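The values are calculated or read from the model by the stated rules, or taken from the named source; none is laboratory data. Just so it is clear, the model here is predicted, and its values are computed rather than measured. Cβ placement follows ideal geometry from the backbone for every residue including glycine, while neighbour counts extend to all protein chains displayed. Just the protein is used for accessible areas: all its heavy atoms, side chains included, with ligands, DNA and RNA removed. Shrake-Rupley method; radii C 1.70, N 1.55, O 1.52, S 1.80 Å.
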Amino acid sequence: MVKHGPAATVLPATGLATAEPQPDAEPMRMVRFNPAFSRLLGSISQSAVKVPSMMSMLEKRVLFTLARERYTGSGLIIDAGIFLGASTVCFGEGLRQNRSFKTATKRWTKPIISFERAIINPGMPAFFKRNNVEGMAEPGESFADAVEAMIEPVADLVDLRLGDILETGQGIEDPIEILFLDVLKLPEISRFVMRNYFPRLIPGVSIVVQQDYFYERLPFIKTDQEFFSEYFTFIGEVCSTALFLCTKPIPESAIDQLEQGLPAREQERLASRAMQRSCDPARRYMMAISKVRLIKQLYGSESAQDYLRFVKNEFPDQVASPLPRLKDALAAIERVCWDGDD
Ligand SMILES: C[S@@+](CC[C@H](N)C(=O)[O-])C[C@H]1O[C@@H](n2cnc3c(N)ncnc32)[C@H](O)[C@@H]1O
């Protein structure tokens, strides 16, 4: 879940195309977009970067640019899993600079719907300490007040729904133009989001931002998204995030099919497809590790051990990398395969 340290500087617009120099070429930080989306890594205003976040500055710039440059006002912005509210502030401040701001806010009084459970989990205190977030309570307690305070500058644009998204996320009938997902921590949440929000995506317009895509855990995020690949085009990658443009209406029948359960071989095939999305070998390595987790769930420890041996042969540079992110991922998957950790 947490992937990057605190934000650094506010970078200028680069109008990146794939052939241009990258601002961050190191593993997991390389940015690549399809040429038609090459301007998604725009500049970001200071007002949008004040909230401490588990996202990188690069990811924040993409959210801000989506709201400022791409958002047309034809649907809502769903912002799911906001933690202290960084994504909400990026979307809100970006929206204020959007040339269609007036039309969009005439149509939608609150164009952004933000979801957050706002209960401190065991991993959060370490984040608060690293980022000098003071005055927070203990695990199990609420941080709702902090979220409300952090998003206050954009509160006029936001329908903030605190609580479990499985309850607070019901009943959205309007079209959805941007679907930001950093909340898919359980398969049932992923299925809920697909059932309730995917049919509301607008073909040719709506973008799904999967913040946990190139993440070595949560294999169902990859297989669920890839199950719908005929309805999307993959448009780019930034840090752990993958972006997909919806290209065709998603019928309820496709969601029924996913909910009925996919055969093991099909899940493997979808995980392999997800692995090939990135042009960064480090991200592919993370996806391969995620596939080891899937294999363990599907076939047990011995099969996972075999597949991990194969992955280690295929990714020698990543296995030898001193980068903490890659080392930690390997150590964790070794424990999953040999010690039965999950
Ligand atoms: C990885 S964090 C999000 C980080 C955030 N995007 C940022 O920029 O810092 C995931 C968030 O999802 C929230 N969450 C997890 N399960 C949830 C649920 N069922 N309903 C609502 N929020 C949930 C957690 O409380 C947590 O804040």
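Taken over the range 85-110, the residue count meeting the criterion of being part of a helix (DSSP H, G or I) and either at pLDDT below 95 or over 24 Å from the mean Cα position of the chain (by Cα) (or both) is 7. Residues of the range 126-141 include none that is under 28 Å from residue 204 (Cα atoms) and in contact with a helix residue (DSSP H, G or I) (Cβ under 8 Å, 6 or more places away or on another chain). Yes or no: residue 320 closer than 23 Å to residue 26 by Cα and open to solvent by less than 60 Å² (accessible area, probe 1.4 Å)? Criteria not met by residue 320.
In the range 124-135 there is no residue matching the filter, namely being surrounded by fewer than 19 Cβ atoms within 10 Å (Cβ to Cβ), in a loop (DSSP other than H, G, I, E, B), touching a Phe, Trp or Tyr at 6+ places or on another chain (Cβ under 6 Å) and hydrophobic (A, V, I, L, M, F, W, C).
Taking the listed residues 81, 73, 85, the one that is more than 9 Å from the ligand (Cβ to nearest atom) and buried (at least 18 other Cβ atoms within 10 Å of the Cβ) is 73, with no other qualifying. Would you confirm, using the coordinates I've provided, whether residue 161 is open to solvent by 50 Å² or more (accessible area, probe 1.4 Å) and in contact with a Ser or Thr (Cβ under 6 Å, 6 or more places away or on another chain)? Answer is yes for this residue. Being open to solvent by 30 Å² or more (accessible area, probe 1.4 Å), in a strand (DSSP E or B) and either modelled with pLDDT of 95 or more or away from the ligand (no atom under 12 Å from the Cβ) (or both) narrows it down to one residue among 68, 32; which is it? Checking each option against the conditions leaves just 32.
Restricted to the range 180-284, the set of strands (runs of 3 or more DSSP E) holding at least 3 residues that are of a type outside the set (Phe, Trp, Tyr), open to solvent by less than 10 Å² (accessible area, probe 1.4 Å) and in contact (Cβ under 8 Å) with a residue 60 or more places away in the chain comprises 232-238.
Within the range 162-206, the set of residues being touching a helix residue (DSSP H, G or I) at 6+ places or on another chain (Cβ under 9 Å), more than 13 Å from the ligand (Cβ to nearest atom) and among the aromatic types (Phe, Trp, Tyr) comprises just one member, 198. If you go through the range 45-63, how many residues are open to solvent by 10 Å² or more (accessible area, probe 1.4 Å) and away from the ligand (no atom under 12 Å from the Cβ)? Final tally of qualifying residues: 4.
Taking residue 332 as the residue in question, decide whether it is hydrophobic (A, V, I, L, M, F, W, C) and buried (at least 22 other Cβ atoms within 10 Å of the Cβ). Considered against the rule, which asks whether it is hydrophobic (A, V, I, L, M, F, W, C) and buried (at least 22 other Cβ atoms within 10 Å of the Cβ), residue 332 comes out as no.
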